[in-house]
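The values are calculated or read from the model by the stated rules, or taken from the named source; none is laboratory data. From a predicted model like this one, the values you see are computed outputs, not experimental measurements. Quick reminder, even Gly has a Cβ in these numbers, built from the backbone with ideal geometry, and neighbours come from all protein chains shown. Protein only, heavy atoms only, side chains kept; ligands, DNA and RNA dropped before computing areas. Shrake-Rupley method; radii C 1.70, N 1.55, O 1.52, S 1.80 Å.
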Amino acid sequence: MGPTRVPGLLFGGDYNPEQWPEEVWEEDVRLMAEAGVNVVTVAVFSWSRLESAPGVLDFGWLDRVLDLLHAHGIAVDLATATATPPPWLVRRHPEIQPVDAAGTRLEFGSRQGYCPSSPVFREATVRLARAMAERYRDHPALVLWHVGNEYGDHTVECYCEESARDFRRWLQARYRTLEGLNAAWGTSCWGQHYTDWTQPAPPRKAPGPVNPAQVLDWRRFSSDALLACFEAEREVLKEVTPDIPVTTNFMSLLHHLDYWKWAAAEDLVSDDAYPDPADPLAPLKAALSYDLMRSLKRRPWLLLESAPSAVSWREVNVPKEPGVMRLHSLQALAHGSDGVMFFQWRQARYGPEKFHSAMLPHGGTDTRQWRETLALGADLRRLAGVAGTGTRAEVALLLDWESWWGLEAPESLPSARLRLHQLLLSWYAPLHRRGIAVDLAPHGRDLSDYRVVIAPNLYLCTTEQAADLAAFPGRLVVGPFSGVVDAADQVHPGGAPGPLRELLGLRTEECWPIPDGRAQDVLAEDGTRLVARTWSEWLELDDAQVLARYRGGPLDGRPAVTRRGAVTYLGCVLDDPTPVLDEVLDAAGVTGVTGAPLPEGVEACRRGDHLFLLNHGAAPATVTLPAPGADLLTGRPLSGSVAIAPRDAVVLRL
Ligand code: GAL
């Protein structure tokens with residue numbers, strides 16, 4: 001049983017009863033019970049209904065909702081309701097509304113209208129969280145606290161004066177003195193030397209490019225400022241209800257928040273995942289972010305929101321074809337989720353999300369959607385034994401948010417085309433195709449469990465981080481433009497790869513971005529032809545050996561891929577790094593979870609002694625099984641191989 005103490009897998013969704021007359025609630029709980037829903041998220045946006053004026057609290061309706069849910073055996077992930085400050089608070093304190101980089105204060109009328117640094121906002125959230133915790137501390141339905149909602153979704157940062165003051169406090173704690181700040185920000189450049197602590201400010205819209213070191217600290221600060229909002233509420237919840245786990249729903253691979261830090265502050269990692277059904281790469285991208293969720297605490301996590309079918313916030317909102325909701329739900333389980341939850345239970349009749357799909361659609365129970373909801377509930381009951389089981393990965397991808405922020409800083413880099421998500425995917429895709437389990441890992445984590453560690457990019461790499469990597473006993477692969485700057489975004493003496501130079505046995509004399517649309521041939525020493533795009537480097541080798549060279553173009557004949565000992569370096573972005581990767585994996589003895597090649601479109605993952613085989617492809621696929629077992633979804637005993645229809649899946653208990 002996981003931290004929520006709900007037995008088996010969790011199944012349910014966001015439930016917004018305040019959008020419906022009370023008569024409808026009876027039908028809701030009856031249908032929830034019919035579908036096997038065992039948990040719902042309640043009160044995410046309920047602040048203005050719970051507190052109609054300062055200190056005027058009305059919990060009556062929420063009491064009735066929780067009692068009704070409990071009476072039907074449904075547990076509650078209770079939100080602290082602080083995701084939208086109520087109109088009375090905003091009108092009394094207009095200063096809590098966020099301000100954008102150009103200085104415009106944003107209006108009320110949507111959600112997340114708050115400045116993360118506002119003491120008025122933070123105090124009001126903490127008061128409400130305390131009132132909620134005291135009210136429901138002993139309610140038997142309460143199994144999980146849901147703080148805020150999707151921090152960093154609409155409001156990532158605020159550029160107001162209050163934020164500026166908070167930013168200065170943060171800078172003072174980091175640098176102590178103005179000299180320290182001036183040195184770290186390199187303010188001798190472009191005449192930015194600060195002489196008083198009232199002068200440094202958020203990187204607001206300026207006539208030209210803003211100091212990138214200032215922007216990097218702003219990213220750090222903004223992630224921390226939102227985290228402080230979360231932590232302020234968590235502290236109260238932990239004081240009043242120490243045994244109830246606390247989460248906040250993450251947003252997959254979100255650029256703006258350092259989820260390593262955030263995950264350390266919560267009891268259970270939960271994620272909202274909305275892969276686009278129209279994107280052929282959706283299963284790949286989802287797999288990567290689910291592996292991140294599992295890796296954040298190296299424990300099962302929870303898919304807290306997903307779309308039963310279409311969303312409402314893309315320009316074109318394509319529904320999920322029959323079977324896809326089930327397949328995508330099973331995929332989250334395969335990658336470590338202990339449940340499947342949706343936004344939302346009942347489809348809204350009004351508001352910006354009235355066309356967003358729901359478990360129970362506008363059309364009611366005589367619909368394909370509802371039939372698929374019922375069927376999924378039944379599947380999840382069959383898979384109850386999956387809950388709590390773990391994944392053993394021998395390969396890790398290094399992911400560091402600070403480096404990501406530095407790499408994607410605006411207007412100061414040799415190329416704006418190096419995007420970390422794409423770089424991660426380019427390595428993840430061939431691993432995924434081979435059914436190889438992958439963890440993501442931050443700097444500083446003990447890597448000794450892994451045979452292969454891949455750092456797709458380490459633009460920012462400190463001497464300490466480089467020393468950790470040098471101590472890794474397995475095979476290491478480092479991607480281009482790594483070891484470039486230190487923690488203050490200052491180029492390491494001598495240039496890249498800075499503190500990684502000895503480990504890689506080379507130096508990057510010049511960065512050589514490849515113009516858009518141009519392909520650069522690369523020829524491996526064994527004759528394999530590769531293609532680089534976006535990025536190449538003029539490398540000078542110390543004691544590394546050459547694995548591949550550029551062929552033609554400005555770097556003709558120069559090294560493109562190198563090796564020193566167990567460390568491989570790529571000075572370019574390869575379209576498909578599979579040949580380089582395969583060689584490393586084979587040398588390390590890493591194989592996929594089935595031990596055999598997988599047919600196109602099939603994803604294979606192992607959790608405990610459960611083997612998930614998911615056919616995302618459009619054609620039937622036959623998969624060789626590593627051992628006999630029973631398919632938990634159908635009860636069939638299987639051995640040898642199994643044919644899987646398009647969008648179907650097998651969950652084999654080995
Ligand atoms: C999430 C959010 C939900 C709902 C959902 C729709 O970002 O947390 O409240 O808006 O998207 O896809």
Per DSSP, loop GluC sites (Glu not before Pro) in region 365-464 with at most 10 further Cβ within 10 Å: Glu411
Per the chain, cysteines lacking a partner by the 4.7 Å Cβ criterion: Cys160, Cys189, Cys229, Cys461, Cys511, Cys572, Cys605
Derived scalar couplings ³J(HN,Hα) [region 502-517; Karplus, 6.51 cos²θ - 1.76 cosθ + 1.60; whole Hz; x for Gly, Pro]: 5, 4, 8, x, 6, 9, 8, 7, 9, 7, 9, x, 9, x, 3, x
Length released on extending from His193 to Thr622, taking residue separation times 0.36 nm less the Cα-Cα span: 147.9 nm
Heavy-atom accessible area per residue - the chain, 1.4 Å, Å²: 39 Å²
Rounded Å value of the spacing that divides the Cα centres of region 249-278 and region 1-54: 22 Å
Modelled label reach - Ser110, point 7 Å along Cα→Cβ, region 80-103 residues with backbone N closer than 15 Å: 84-85, 97-103
Relative contact order (%) - region 319-372, alpha-carbon pairs under 8 angstrom, separation at least six: 28 percent
Whole-angstrom gap from region 61-98 to region 420-486, using each part's C-alpha centre: 41 Å
Mean Cα-pair separation over length for the chain, i.e. relative contact order, pairs under 8 Å, 6 or more apart, %: 10 percent
Spatial separation of Cα centroids for region 101-165 and region 519-540, in angstrom: 49 Å
Sites Phe59 and Glu34, calculated FRET efficiency, Cβ-Cβ separation with R0 30 Å, nearest 0.05: 0.60
Near-label residues of region 1-29 by backbone N, under 15 Å of a point 7 Å along Cα→Cβ of His70: none
Among 374-386, 328-340, 246-258, the order from most to least packed when residues are scored by Cβ within 10 Å on average: 328-340, 246-258, 374-386
Region 514-543: GluC sites (Glu not before Pro) falling in loop per DSSP and having at most 12 other Cβ within 10 Å: Glu525
Near-label residues of region 25-60 by backbone N, under 15 Å of a point 7 Å along Cα→Cβ of Ser312: 45
26 Å Cα-Cα reach of Lys238 towards lysines, excluding residues that sit fewer than 8 places from it in its own chain: Lys261, Lys297
About the Cα centre, charge dipole magnitude for region 489-547 (Lys/Arg +1, Asp/Glu -1 at Cβ), debye: 220 debye
Percent antiparallel among DSSP beta bridges (both partners in the chain, rounded to 5): 50 percent
Distance between modelled label sites at Leu654 and Thr634, nm, 7 Å Cα→Cβ extension: 2.1 nm
Reachable aspartates and glutamates from Lys320, criterion Cα separation under 20 angstrom, eight or more residues apart if same chain: Asp14, Asp271, Asp272, Asp276, Asp279, Glu305, Glu353, Asp366, Glu372, Asp379, Glu603, Asp648
Rounded percent of accessible protein surface that carbon and sulfur make up, the chain, 1.4 Å probe: 51 percent
Under-5 Å amide H pairs with Gly339, H placed in peptide plane, nonlocal only: Leu10, Leu303
Full-stretch length increase - Glu510, Ala643 - with 0.36 nm per residue and alpha-carbon distance subtracted: 42.7 nm
